[in-house]
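Data first, discussion second: the structure below is written as C-alpha cells.
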Amino acid sequence: MTLTRKTLLAILAAIAAPVLFAACDDGDDPTPTNTPTAASAGLTPLPPTLPPGTASPSVTPAPGAPATIELTADPQALVCDGVQPSRVTARVLDVGGAPVADGTDVRFSVVTLGTADPIDTTTVDGGAETSVVALGSGVGVVVNVTAGAVEQGIRIDCQ
C-alpha cells in the first residue's frame with residue numbers, strides 16, 4: 001500500500017489537530033475540553049520530582065588519573081640474605097582521594113641490590129603489590145613505584 005503525500009498530510013493533520021487545539025485552549029469555551037496528557041500526545045512524561053527533604057540519588061564519578069601513591073612494606077626491615085621477601089603494597093589514588101580504576105599500570109623498580117616480582121602489574125581496587133628481595137647484606141633496598149606521572153619510593157631496611 002502506497003500513501004500519497006496528500007493522504008499522509010491528512011492523517012498527520014487529523015492526529016495533530018486535537019493536540020494543537022488543546023494546547024491553544026484558553027479556557028473560555030462554554031464546554032470544557034479534555035486536555036491531553038503527555039502520554040496521549042505521544043510524549044514521554046517527565047520523571048516525578050522527589051518529595052521535599054528527600055536526598056537525590058548520588059552519582060559516583062569515574063575514577064581519575066593517579067595523583068598519589070601510598071606505600072607500605074611488610075616487613076619494613078628484613079634479613080637481606082637474598083631469600084627473605086618483603087611485600088610492598090601500593091595504594092594508587094586519584095586527586096579526590098579515591099582509588100584509581102582497575103587495570104591502571106603500576107611499575108615497581110628496585111634502586112639498589114635487590115629484585116621485585118612482578119615489576120609491572122595493574123591495580124585492583126586501587127592497589128598493586130610486589131615481592132621484594134634484598135641481595136646485599138647490610139644494605140637497605142629502595143623501591144620506586146610509578147603509576148601514570150606519579151612516582152613514590154619506600155626503603156626496606158636490612159637487619
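The values are calculated or read from the model by the stated rules, or taken from the named source; none is laboratory data. Remember, it's a predicted structure, so these values are computed and weren't measured experimentally. Backbone-built Cβ (ideal geometry, glycine too); neighbour counts: all protein chains shown.
Can you tell me which residue is farthest from residue 112 (Cα to Cα) among those in the stretch 62-75 that are at pLDDT 95 or above and touching a Ser or Thr at 6+ places or on another chain (Cβ under 9 Å)?
66
Scan 105, 125 and give me the residue that is of a type in the set (Asp, Glu), touching a Ser or Thr at 6+ places or on another chain (Cβ under 7 Å) and farther than 16 Å from residue 157 by Cβ.
Testing whether each residue is of a type in the set (Asp, Glu), touching a Ser or Thr at 6+ places or on another chain (Cβ under 7 Å) and farther than 16 Å from residue 157 by Cβ leaves just 105.
Identify, from the list 115, 130, 104, the residue that is among the hydroxyl-bearing types (Ser, Thr, Tyr), touching a residue at least 40 places away in the same chain (Cβ under 8 Å) and closer than 21 Å to residue 81 by Cα.
One residue alone meets the criteria, 130.
Quick one: in the stretch 133-159, which of the residues that are modelled with pLDDT of 95 or more and crowded, with 20+ Cβ neighbours inside 10 Å is nearest to residue 85 (Cα to Cα)?
143
Any chance the stretch 95-109 includes a residue that's over 17 Å from residue 65 (Cβ atoms), in contact with a Gly (Cβ under 8 Å, 6 or more places away or on another chain) and at pLDDT below 95?
no
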